[in-house]
Ligand code: GTP
Ligand code: MG
């Protein structure tokens with residue numbers, strides 16, 4: 001399915017103000033600056049749709065995009081962003097957890113990790129939490145263009161080992177919005 005028509009719908013700080021759940025939805029999670037907003041733009045082939053930045057912390061609320069009038073893509077604010085207070089970070093954690101646990105139409109969480117970096121403690125906690133709560137998810141290793149093919153494979157194996165240790169079996173996609181690598185695979189996960 002080509003993702004043809006894509007429109008911004010709304011920004012929601014928490015579950016109670018999310019749009020009515022009239023479409024199935026896919027959300028994009030991960031540390032600040034891993035490339036969540038860029039991936040949404042690549043999927044819908046519309047560079048300026050989701051705002052991106054080389055400064056972490058760009059996306060501050062849950063931003064809803066509607067695709068082909070039948071799907072919501074939800075850009076989540078990144079976690080681990082150092083420039084906000086502890087209280088704000090905790091509120092973020094609560095709001096996002098509520099959203100993930102209670103949004104009835106959520107079909108898939110795409111968790112992004114920068115392929116150059118080992119998953120952080122926060123990443124690992126999040127994998128574990130998603131697994132324990134039986135939320136359907138996949139991991140996207142982003143910015144693959146920054147590494148050689150061999151190094152990409154090493155990163156993928158490292159991630160697989162971490163997930164295996166938690167008894168988690170989920171798809172892993174190596175992607176680059178710069179070279180359009182893995183974009184088709186992500187689309188396929190979404191349409192499935
Ligand atoms: P927050 O909104 O702060 O949570 O960040 P984000 O995860 O939405 O990241 P964003 O999409 O804004 O991208 C962060 C930076 O990484 C930008 O400068 C992007 O251009 C860059 N970037 C994103 N994807 C890729 C990629 O595949 N390759 C390379 N080289 N750079 C990328
Ligand atoms: Mg963003």
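The values are calculated or read from the model by the stated rules, or taken from the named source; none is laboratory data. Predicted model only: the values in this text are computed from it and were never measured. Quick reminder, even Gly has a Cβ in these numbers, built from the backbone with ideal geometry, and neighbours come from all protein chains shown.
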Residue under evaluation residue 47, criteria (1) part of a strand (DSSP E or B); (2) free of Cβ contacts under 8 Å to residues at least 24 places away in the same chain, criterion not met | (1)
Lone unmet requirement of (1) within 13 Å of ligand 1 (Cβ to nearest atom); (2) part of a loop (DSSP other than H, G, I, E, B) for residue 2 = (1)
Write out, first by first residue and then by second, each pair whose Cβ atoms fall under 7 Å of each other, whose residues are 6+ apart or on separate chains, and whose first residue, in the range 150-167, is within 18 Å of residue 126 (Cα to Cα) while the second is assigned to a helix (DSSP H, G or I).
-> 162/124; 163/127; 166/127; 166/128; 166/131
When you look at residue 145, is it within 15 Å of ligand 1 (Cβ to nearest atom) and modelled with pLDDT of 95 or more, yes or no?
-> yes
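Residues checked against (1) away from ligand 1 (no atom under 14 Å from the Cβ); (2) more than 21 Å from residue 49 (Cβ to Cβ); (3) touching a helix residue (DSSP H, G or I) at 6+ places or on another chain (Cβ under 8 Å); (4) in a loop (DSSP other than H, G, I, E, B):
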site: 74; (1), (2), (3), (4): no, no, no, no
site: 90; (1), (2), (3), (4): yes, yes, no, no
site: 98; (1), (2), (3), (4): yes, yes, yes, no
site: 108; (1), (2), (3), (4): yes, no, yes, no
site: 116; (1), (2), (3), (4): no, yes, yes, yes
site: 119; (1), (2), (3), (4): yes, yes, yes, yes
site: 135; (1), (2), (3), (4): yes, yes, yes, yes
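Yes/no per residue for (1) at pLDDT below 85; (2) surrounded by 14 or more Cβ atoms within 10 Å (Cβ to Cβ); (3) farther than 25 Å from residue 127 by Cα:
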position	(1), (2), (3)
22	no, no, yes
28	no, yes, no
35	no, yes, no
39	no, yes, no
58	yes, yes, no
70	no, no, yes
73	no, yes, no
